[in-house]
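Note sheet for the following structure.
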Amino acid sequence: MDLEFGRGLRSPKKDSWKTTLLLAYQSLGVVYGDLSISPLYVYKSTFAEDIQHSETNEEIFGVLSFVFWTLTLIPLIKYVSIVLRADDNGEGGTFALYSLICRHANVSLLPNRQIADEELSTYKLECPPEITDKSRIKVWLEKHRKLRIALLIMVMIGTCMVIGDGVLTPAISVFSAVSGLEFSLSKDHREYAVIPITCVILAFLFFLQHYGTHRVGFLFAPIVLAWLFCMSAVGLYNIIHWNPHVYQALNPYYMFKFLKKTRKYGWMSLGGILLCMTGSEAMFADLGHFSYSAIQLAFTCLVYPALILAYMGQAAYLSKHHDFYSSSQVGFYIAVPDKIRWPVLVLAILASVVGSQAIISGTFSIINQSQSLSCFPRVKVVHTSEKIHGQIYIPEINWLLMILCIAVTVGFRDTKHMGNASGLAVITVMLVTTFLTSLVIVLCWHRPPILAFAFLLFFGSIEALYFSASLIKFLEGAWLPILLALILMTVMLIWHYTTIKKYEFDLHNKVTLEWLLALGDKLGMVRVPGIGLVYTDLTSGVPANFSRFVTNLPAFHQVLVFVCVKSVPVPYVFPAERYLIGRVGPPGHRSYRCIVRYGYRDVHQDVDSFETELVETLATFIKLDASYRCSEASEAEQQELEPSEREQRLKVIASNPLRHRASYDIQGSVGHSGASTAAAAAGAGDGDDATEISPARKQVRFFIDSHVSSPDAADGGKQVAEELAALAAARESGTAFILGHSHVQCKPGSSVLKRLVVDVGYNFLRRNCRGPDVALRVPPASLLEVGMVYVL
């Protein structure tokens, strides 16, 4: 179901100021929940052990200076001013950057790529390829496969760290908010209150995911807005009441003074300071839900000033108070006046829940995107809202995150270790984004390489400094995101490698169209009533699992459709462009090929709507194909085509023929090598010379051949009527979904590593993840599985 489709694909027309203000307000609850609660734990993590808060105030002023310039350089300048412009049709995030690079350079490792995909409305390039000079970087990436693999591995590392952040951020956010109870409880009761309450809140948060957050989502923005105003007010009070001259600490000189005094321990404390930009990546990752101007407005006019006031207020209070019995008290709540501490505590807990919800939803989204690139085992994706496109829930991942979050809370029990773990995950994702953005500057924006290098050097150096400070805390909590990333990377690499090898096996063992056409005469093939949907990853040819099926059981359905569900490097595919339809053999054979294309942010349709749309598109294709074959030019051309070449003709058929009466005609090699656009044909039958439709407000012209409405076209009317009647009768008889049930094993003589990867790793993942029938939403009653052994 394509509900509120293309939310991120906004019109190039600029939003009105009212719309921008509304989107900016709504973005507070989705984008800035995580970033806004960072003052709860930044100072506490920084002063946990490495440095001490002394009466000279050099430490607290140095930390404030670092926080100010870090927030200014990374979230404000890097993300808001530069990275947010590297959107993919309005979408942001790691996969959006990788998708942009894959479209502008041939670096994708997905094997079933087609040139026909470049005709999609969302497959836009910054500059036409014919006027773009190839840079050396592009040539190197396209020439060396190892560089392309390294690029994909880098994207996987960023993905793994985002998932790791989905474990760590809820734990540290809720724990830091609840730790405000320490000031109201005795020392003996703190351990027995803070940890259990944190675990209960986390469990409730993850149980809520099953029902979807759209029912309470309207509360998120007011909660974060109230929290930002609360932080600002408390910070402004502390500045005025305790130290109005704290603004002097914004001078960069205090950073050098801080490092000069603290030396090694000051550098190690940077692992706590970097937590001030936790959640900055969400501005880019959630770009598709809002607009660039809305996110920019919300951050520069509200979030950024509120954060600066909050940190300055804490520093102003601490500069006049030094009598703490432990450094762990150097936190947020110590600077909150006693009279309002309880209301602030409640509001902080609510804000931490909102911030945690954002990162959990982001984890679901990035796993779904990884699955679309064949980089993650199949999981069940549930659409939790009938109105909001892209709001999903993954049961297995949800419960796994809950268990890990509670384990982290119980295991670490303090902000220091949680902060060290979370900081490493956050800064790694930022480093990956910096590197990918520098490639986008060269490959997509076609700017001079020196500009991309300057961007990489400047921001990469800052982030590398923080990364080194986090990595040195390996034994103090930073080992956790590294361990999670290693496990996830192993799973993703094993799944991706074996999936590619399986595709190559299918490609090598596919049978020809001539074999299928001659099969009826050799085996006495029987056609049974109904529609048979044969799922395959191939975009041409007959898959080996089907040949195995019909040679053992010489019968198949009256209408046969080879269905290839594939992902393309775009965020969304419009419903009108989702289906590529073509014939497999002559019209009398009643065999077709359907390629169903999804973007990396699309949610797959349920089986009922897919089956209905497939039959509608087949009927539309039959009419359009008949009108095309009636033309004299195409008839002469048809006689020159071999059967295998005739199969390679594909048309883009609108999924709703009543709304989109149009098609493209694609001809060429649509197999492993791709396809090329030939001519366009449409069958509206209104006699106009051209009809224009504009999916996503992009005008595309479709030409109508004059022979379509000619009297000669009636000669094929009987054949078309028979074919449509056969399709309707087959639909009434029912639909069978034919899927391959694969077993994978290494061929004799394979290396030990390959045997571990394929025989042990992949088969373990395959047995313990969802089957293809669940991922494709196939009803069990209509499922027919064909056993297939892959020898890789």
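The values are calculated or read from the model by the stated rules, or taken from the named source; none is laboratory data. Values in this document were obtained by computation on a predicted structure and should not be read as measured data. FYI the Cβ positions are ideal-geometry reconstructions off the backbone, even for glycines, and counts take in every protein chain you see. Each accessible area value is taken on the protein alone, full model and side chains, heavy atoms only, with ligands, DNA and RNA left out. Shrake-Rupley method; radii C 1.70, N 1.55, O 1.52, S 1.80 Å.
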Using a simple spin-label model with points 7 Å from Cα along the Cα→Cβ vector, what separation in nm is obtained for ILE153 and TRP17? 5.2
Quick one: putting +1 on the C-beta of Lys and Arg, -1 on the C-beta of Asp and Glu, what dipole do you get for the range 33-102 around its Cα centre, in Debye to the nearest 20? 260
³J(HN,Hα) computed for each position of the range 308-314 - Karplus, 6.51 cos²θ - 1.76 cosθ + 1.60, integer Hz, glycine/proline x: 4, 5, 5, 5, 5, x, 4
Of LYS44/LYS473; LYS260/LYS320; LYS138/LYS566; LYS78/LYS380; LYS510/LYS718, pairs whose Cα-Cα distance is over 27 Å: LYS78/LYS380; LYS510/LYS718
So which trypsin sites (Lys or Arg not before Pro) in the range 239-319 are both in a DSSP loop and have at most 14 other Cβ atoms within 10 Å of their Cβ? ARG263
Percent relative contact order of the range 420-564, based on C-alpha pairs within less than 8 angstrom and at least six residues apart? 21
For the range 75-127, which whole-number percentage of the solvent-accessible area (1.4 Å probe, protein heavy atoms only) is attributable to carbon and sulfur atoms? 47
Result for the range 434-537: accessible area per residue, probe 1.4 angstrom, in square angstrom, of 46
Equivalent ellipsoid dimensions for the range 490-625 as semi-axes, Å, which come from the Cα gyration tensor, largest first: 26, 22, 12
Could you state the per residue volume, in Å³, of the convex hull enclosing the Cα atoms of the range 261-380? 198
Counting sequence-distant residues (5 or more places) and residues on other chains, those with an amide H built under 5 Å from that of VAL563 are VAL534, TYR535, THR536, CYS594
The range 160-310 - percent of accessible surface contributed by carbon and sulfur, probe 1.4 Å: 69
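Counting only heavy atoms of protein chains, what accessible area per residue, in Å², does the range 181-303 have with a probe of 1.4 Å?
48
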